[in-house]
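Visitor: One structure is given below, represented as structure tokens, and several questions about it will come after.
The values are calculated or read from the model by the stated rules, or taken from the named source; none is laboratory data. Remember, it's a predicted structure, so these values are computed and weren't measured experimentally. Quick reminder, even Gly has a Cβ in these numbers, built from the backbone with ideal geometry, and neighbours come from all protein chains shown. The area values use the complete protein model at the heavy-atom level, side chains included, leaving out ligands, DNA and RNA. Shrake-Rupley method; radii C 1.70, N 1.55, O 1.52, S 1.80 Å.
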Amino acid sequence: QLRESGGGSVQAGGSLRLNCTGSADIFAIYCLGWFRQAPGKEREGLATMDSGGFANVADFLKGRFTISRDNAKNTLYLQMNTLKPEDTAMYFCAAGTPYDFSTWGQGTQVTVSS
């Protein structure tokens, strides 16, 4: 299982760091990723990082969001800077392969006010 934390309400321009914790076997083997879904919109992928530490961040987020992981702490992070109201969504972490994220957390809400 995966568990997200770190969400909350911030003003535009602010920052948040999301955390995702899980079991050691998941962090040792799988690709991990961050996704979000806003009301009425489809889920979108934000960033992934494989077990070797290779990161891939969606082009529309580069320069604002950074993904990292600490395998010793079984924790995945998403550092979000310069937040915008359109970043408001439920944020999820997931584990699996780059083409099939099969294990999901419950999500953490991020709300950005203007």
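Visitor: Scanning for something in contact with a helix residue (DSSP H, G or I) (Cβ under 9 Å, 6 or more places away or on another chain), at pLDDT below 95 and β-branched (V, I, T), does the range 83-101 turn up at least one residue?
Guide: No, that holds for no residue.
Visitor: Kindly establish whether T66 is of a type in the set (S, T, Y), at pLDDT 95 or above, under 15 Å from the mean Cα position of the chain (by Cα) and open to solvent by 40 Å² or more (accessible area, probe 1.4 Å).
Guide: So T66 passes the test.
Visitor: Now, a different point. Are there any pairs, at least 6 apart or on different chains, whose C-beta atoms fall under 8 Å, with the first in the range 92-114 and free of Cβ contacts under 8 Å to residues at least 60 places away in the same chain and over 21 Å from N19 (Cβ atoms) and the second of a type outside the set (G, A, S) and outside any strand (DSSP E or B), and if so, which?
Guide: Close Cβ pairs (under 8 Å, with a partner that is of a type outside the set (G, A, S) and outside any strand (DSSP E or B)) do not exist here.
Visitor: Which members of the range 26-83 meet the condition of being of a type in the set (S, T, N, Q) and free of Cβ contacts under 8 Å to residues at least 24 places away in the same chain?
Guide: Those that are of a type in the set (S, T, N, Q) and free of Cβ contacts under 8 Å to residues at least 24 places away in the same chain: N56, T66, S68.
Visitor: Still on this structure, please answer the following. For the range 1-57, please list each of the strands (runs of 3 or more DSSP E) lying entirely inside it that holds at least 1 residues being open to solvent by less than 60 Å² (accessible area, probe 1.4 Å) and under 11 Å from I67 (Cβ atoms).
Guide: 16-22, 31-37, 44-49, 55-57
Visitor: Would you point out the residue of the range 69-96, among those that are outside any loop (DSSP other than H, G, I, E, B) and open to solvent by 50 Å² or more (accessible area, probe 1.4 Å), that is farthest from V110 (Cα to Cα)?
Guide: Checking each candidate, the answer is A72.
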